[in-house]
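Please read the structure below before turning to the comments.
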Amino acid sequence: MGGRAQPGIRNEDGRWLADSPMGPVEVVFTDGIGWGVLDHEVIMPDGTRFHNPLRVLSNDAASEVVFTLYRLPGVTDREYESDAELVRQDLRRLRDALESD
């Protein structure tokens, strides 16, 4: 995450917090991050935890970021597509931030 945090993402007392449509959520990276593995849990305001696999893969002189969006039981097509759009926006912001450096 470098020295610059994106708007809506902040470190408070050693905890990474992000703004979401549901309110502030905590992002906790799993132990043993390495080799491009950036798996993390998002802890919702109500305490519900979601595991999010995230990989950074080397590809010649560049890298590819792969995020797996799980469809949870009871999630409607509309809700899943909304979640997918939020992930796409996050990945675009990541791309833009990395390409601007």
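Nothing in this text is a laboratory measurement; each read-out follows from the coordinates by a stated rule. The structure displayed is predicted, hence computed values, not measured ones. Virtual Cβ from ideal backbone geometry, glycine too; neighbours counted across all protein chains shown.
Search segment 87-101 for residues being within 16 Å of Ser20 (Cα to Cα) and free of Cβ contacts under 8 Å to residues at least 40 places away in the same chain, and hand back the single one that is surrounded by the fewest Cβ atoms within 10 Å (Cβ to Cβ).
Gln89
I'm trying to understand the selection: among the residues of segment 7-36, which are in contact with a Leu (Cβ under 8 Å, 6 or more places away or on another chain) and assigned to a strand (DSSP E or B)?
Matches in segment 7-36: Ile9, Arg10, Asn11, Val25, Glu26, Val27, Phe29.
State which residue pairs qualify: first residue within 16 Å of Arg93 (Cβ to Cβ) and inside segment 7-23, second residue surrounded by 11 or more Cβ atoms within 10 Å (Cβ to Cβ) and charged (D, E, K, R) in any location, beta carbons under 7 Å apart, and separation of 6 or more residues or different chains.
Sorted first by the residue in segment 7-23, then by its partner, the pairs are Gly8/Asp19; Trp16/Glu26.
Would it be correct to say that Ser58 is more than 17 Å from the chain's Cα centre (by Cα), farther than 17 Å from Met22 by Cα and part of a strand (DSSP E or B)? Before the answer, list the steps.
Numbers: more than 17 Å from the chain's Cα centre (by Cα): yes; farther than 17 Å from Met22 by Cα: yes; part of a strand (DSSP E or B): yes.
So Ser58 passes the test.
Among the residues of segment 38-55, count how many are closer than 20 Å to Leu91 by Cα, among the charged types (D, E, K, R) and not in a strand (DSSP E or B).
The total comes to 1.
Would you mind telling me which numbered condition in (1) surrounded by 11 or more Cβ atoms within 10 Å (Cβ to Cβ); (2) touching a strand residue (DSSP E or B) at 6+ places or on another chain (Cβ under 6 Å) Glu64 fails?
Condition not satisfied by Glu64: (1).
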